[in-house]
1. Counting Lys and Arg as +1 and Asp and Glu as -1, what is the net charge of the other residues whose Cβ lies under 9 Å from the Cβ of Tyr102?
2. Note down the relative contact order for the chain as a percent, whole number, built from C-alpha pairs under 8 angstrom at least six residues apart.
3. I'd like the trypsin sites (Lys or Arg not before Pro) in the range 1-70 restricted to DSSP loop residues with at most 10 other Cβ atoms within 10 Å, sorted by number.
4. Springs between alpha-carbon atoms under 10 Å, Gaussian network over the chain: tell me which of Gly104, Gly25, Gly298 tops the mean-square fluctuations.
5. At what distance in nm do the modelled label points of Thr5 and Arg257 sit from each other, each positioned 7 Å from its Cα along Cα→Cβ?
6. For mean projected area of the Cα convex hull in nm², which listed value, [x] 17.9; [y] 19.9; [z] 29.7, comes from the coordinates shown?
7. What list of ³J(HN,Hα) values in whole Hz, one per residue of the range 270-282 in order, does the Karplus curve 6.51 cos²θ - 1.76 cosθ + 1.60 (θ = phi - 60°) give from phi, with Gly and Pro shown as x?
8. Quick one: longest stretch of the chain between exposed loop chymotrypsin sites (Phe, Trp or Tyr not before Pro), exposed meaning at most 16 other C-beta atoms within 10 Å and loop per DSSP?
Amino acid sequence: MNKDTFGANTICTHVGEVADEQFKGAVSPIFPSSSYAYENVDVKRYPRYFNTPNQEALCKKIAALEKTEEALIFGSGMAAISTTMLAFLHKGDHVVLQKTLYGGTYNFVVEEFDKFGIEYSFTEGFRKEDFEEKIQQNTKVLFVETPSNPLMLITDLKMISGLAKEHGLVSMIDNTFASPINQTPADFGIDIMLHSATKYMGGHSDICAGAVAASEEHIKTIWNVAKNLGGSLSDYTVWLLERSMKTMKLRVKAQNRNAKKLAKWLQQHPKVEKVYYPGLKDHPDYALAKEQMKGYSGMLSFELKEGLNASNFMKSLHLIKESMSLAGVESTILSPAKTSHALLTVEERKRQGISEELMRFSVGIEDKKDLIADLEQALDKL
């Protein structure tokens, strides 16, 4: 059968399996060996070379979902991001980054790049001119994240791709919040897709992993650095990630539906000041999100009315867990100022629009009525 015509559910379920030739089991066997033969073999396998049987197979699933030629998996999302950036940026090079990024990415850039002699600029906005005015003669990479963490702002992928090609740059996107189910940036010409696979790919809050998907040429460039930095993933975790990804589309679709309904409910509540969700028609990027996304994600953020205490609200929740990370089957909530963006200064958070009272809500697969009841009882206590 032609795998290129498979739908996302079929890719999630079947592509990238390791065949159990001995016992004909329905799921991939685990090959945990860290030592393989090197004589008379087609491939010299070694975990740090990202080519054990489980690693190699899972990469095929990720590449198929992102519509790229190849992929690599890493020990964390930041391992994927840092390795990929360092593969394309060298001493004297420059990178242009979107204004609003995951705090870990921002921190990596501002704390580490000076050591390598790499220059960087953050945009002031999300328009073409905001990116174009930051491009220099030594610029090599454009880096974006859409939807953005935590304000769910949308960046025009066609614009970014066109701008990168016009200036001979490599375009990169952190596609974590969307997942390949909701957004395939390769369709818009983006070169490299990055993920914290801990999130929607893993989906059960029990593994830590990262992923990058791109052309064969770009993956080779990344691999040459990756094998030296050593951010590989254990085969036990690889196996768990493959198992989790089999249900990714089912999970993400359920989370999309819940998030849209809860965003509308929160928007109408008298104690809620603002809701950030690209699936709402009054979101400033709604039209763009509708054009380049298949679903609007299970992520949203919101702020309470002035004078209401967000910390007290979160502590009053019963089903929705006050917890770090996101995208598990269970609903979680957190303060970006205290977690994902805690390493930014107060002034930098203010510039990015991240208030101390902002709450990021990762919507799970629970019944909508139960989540609404939990939100309502916590709001009633304020």
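Just so you know, all these numbers are worked out from the coordinates, no wet-lab data involved. Just so it is clear, the model here is predicted, and its values are computed rather than measured. As a convention, Cβ positions derive from the backbone with ideal geometry for all residues, glycine included, and neighbour counts pool all protein chains shown.
1. On the way: positive: none; negative: Glu145, Asp174.
Result for the neighbourhood of Tyr102: -2.
2. Details: 770 pairs, mean separation 67.2, N = 382.
Taking the mean separation of contacting Cα pairs over the length of the chain, I get 18 percent.
3. Details: sites: Lys3, Lys24, Lys44, Arg45, Arg48, Lys60, Lys61, Lys67; in loops: Lys24, Lys44, Arg45, Lys67.
Passing sites in the range 1-70 are Lys24.
4. Top of the fluctuation ranking is Gly25.
5. Inter-label distance under the simple model: 2.9 nm.
6. Working out mean projected area of the Cα convex hull in nm² from the coordinates points to [y].
7. Per-residue couplings from phi come out as x, 9, 9, 7, 8, 10, 10, 7, x, x, 8, 5, 8 Hz.
8. Working: sites that count: Phe6, Phe23, Tyr36, Tyr38.
That would be 39-382.
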